[in-house]
Amino acid sequence: MAKKKTEQAQCSFCGRPADMADVLVPSAGAAGVYICSDCVETINGILHDYKEQAKTAEPTKMDSVPKPKEIYDYLNQYVIGQDEAKKYLSVAVYNHYKRLAQDKNDDVDIEKSNVILVGPTGTGKTLLAKTIARMLDVPFTIVDATVLTQAGYVGEDIESLLTRLLQVADYDVAKAEKGIVFIDEIDKIARKGDNPSITRDVSGEGVQQGLLKLLEGSVVNVPPQGGRKHPEQRMIPVDTKNILFICGGAFDGIEQKIAHRLNTHVVGYSTDPARQRVQRENYLKFVAPQDLKSFGLIPEIIGRLPILTNLEPLDRDALRRVLTEPKNAIVRQYEKLFDMDGVKLEFAPDALDLIVDKAIEYKLGARGLRSIVETIMIDSMFDVPSSGVKTFTVTRDYALEKLQKANFEINKTE
């Protein structure tokens, strides 16, 4: 009779019958209640994850946190110039660690110091973010604001920013809630018109309004795989209270707003003399929150980005240093590529000067250096590996010839 009862028994958790379970463990306190070995293993896994999550939720220890000067020195190895921006970033990251280490019962609640970086293209905004990510032991991700739209429209929802952070943290929510998010191209979500009531600005003002709750700090339901949200999808709640947001954007044309505020005379779309005057005086160093408002950021989002700093346009000396000095300098990258073929690559000083001159002429900043060097080196990278040569020197004449061949706008009489 007992044997028949055992054959009819089933797991009280999953309903698996006894003949489909490896082991069926009876309850010591209630008759007819069983649990199968599969459910035991599942519960054990849940408990293990919970304990691991409790470990990661422990307060940050300040002993191992790099000081602002150490962060600044590390950035100096990879980023040329931009001393003010590096100083602001170093302090912001260090204070972020302080917030994580703060006692929860402390009466003084330290507010988040989200950062916004303003600077022309090719001055190092994204490079600063990528470099600082290398030395941090908190999850760090770089996301692009250009793909975001207001909820319900074609594009990505604002919550997809946090999906990337979760992926970096291996979906450890407690770890992700201490992370840092760099939002690139923040200027691309500027309000398209001065009057917000004419049409729905779903990729501009709509995105800014959606970002408010993330920047301020709230519990956000994040789709695990990103993309659109739908009712049947399992969501992961993430508290953004301790997530530091760093925003960067070129804000092309904001110099005109600054010049207007300073009562200077920069007229029209900028004739060459006017553009040169703006570049020479570097109006960006006078950027203020009201200029961001004039550009198209709503006041609520500006208030949630309290630290505003600028990146200066790179002059000729800085561009020349960018070519050779950083650990991952452009010239060093090409030297490594040739070295892997057993070829020693050298750049003549006057060839480097030519590359810098053309980068200034095309107004592409440090990013333009890479495209110019790639144009010069493409033929040699094609021919040299098969030629058997052991050394290769890039001269000014060689560089000039390759730029002319590629139809770059250069003066052939140089």
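The values are calculated or read from the model by the stated rules, or taken from the named source; none is laboratory data. Please read these numbers as outputs of a predicted model, since none were measured by experiment. Here the Cβ is made from the backbone with ideal geometry for all residues, glycine too, and neighbour counts use every protein chain on show. Just so you know, the surface numbers come from the protein's heavy atoms only, side chains and all, with ligands and any DNA or RNA stripped out. Shrake-Rupley method; radii C 1.70, N 1.55, O 1.52, S 1.80 Å.
Summary table below
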quantity: Residues being on the phi > 0 side of the Ramachandran plot and either modelled with pLDDT under 85 or assigned to a helix (DSSP H, G or I) (or both) - total across the stretch 93-127; calculated: 1
quantity: The stretch 26-67 - residue that is at pLDDT 70 or above and among the β-branched types (Val, Ile, Thr) and, of those, nearest to Arg16 (Cα to Cα); calculated: Ile35
quantity: Subset of the stretch 337-356 [closer than 12 Å to Tyr398 by Cβ, in a helix (DSSP H, G or I) and open to solvent by 20 Å² or more (accessible area, probe 1.4 Å)]; calculated: Asp350
quantity: Qualifying residue in the stretch 180-192 (condition: open to solvent by 30 Å² or more (accessible area, probe 1.4 Å), more than 26 Å from Lys130 (Cα to Cα) and modelled with pLDDT under 90); calculated: yes
quantity: Test: Ser90 is touching a helix residue (DSSP H, G or I) at 6+ places or on another chain (Cβ under 9 Å), assigned to a loop (DSSP other than H, G, I, E, B) and of a type in the set (S, T, N, Q); calculated: no
quantity: Restricting the stretch 372-414 to residues that are among the hydroxyl-bearing types (Ser, Thr, Tyr) and modelled with pLDDT of 90 or more, the residue that is surrounded by the fewest Cβ atoms within 10 Å (Cβ to Cβ); calculated: Ser386
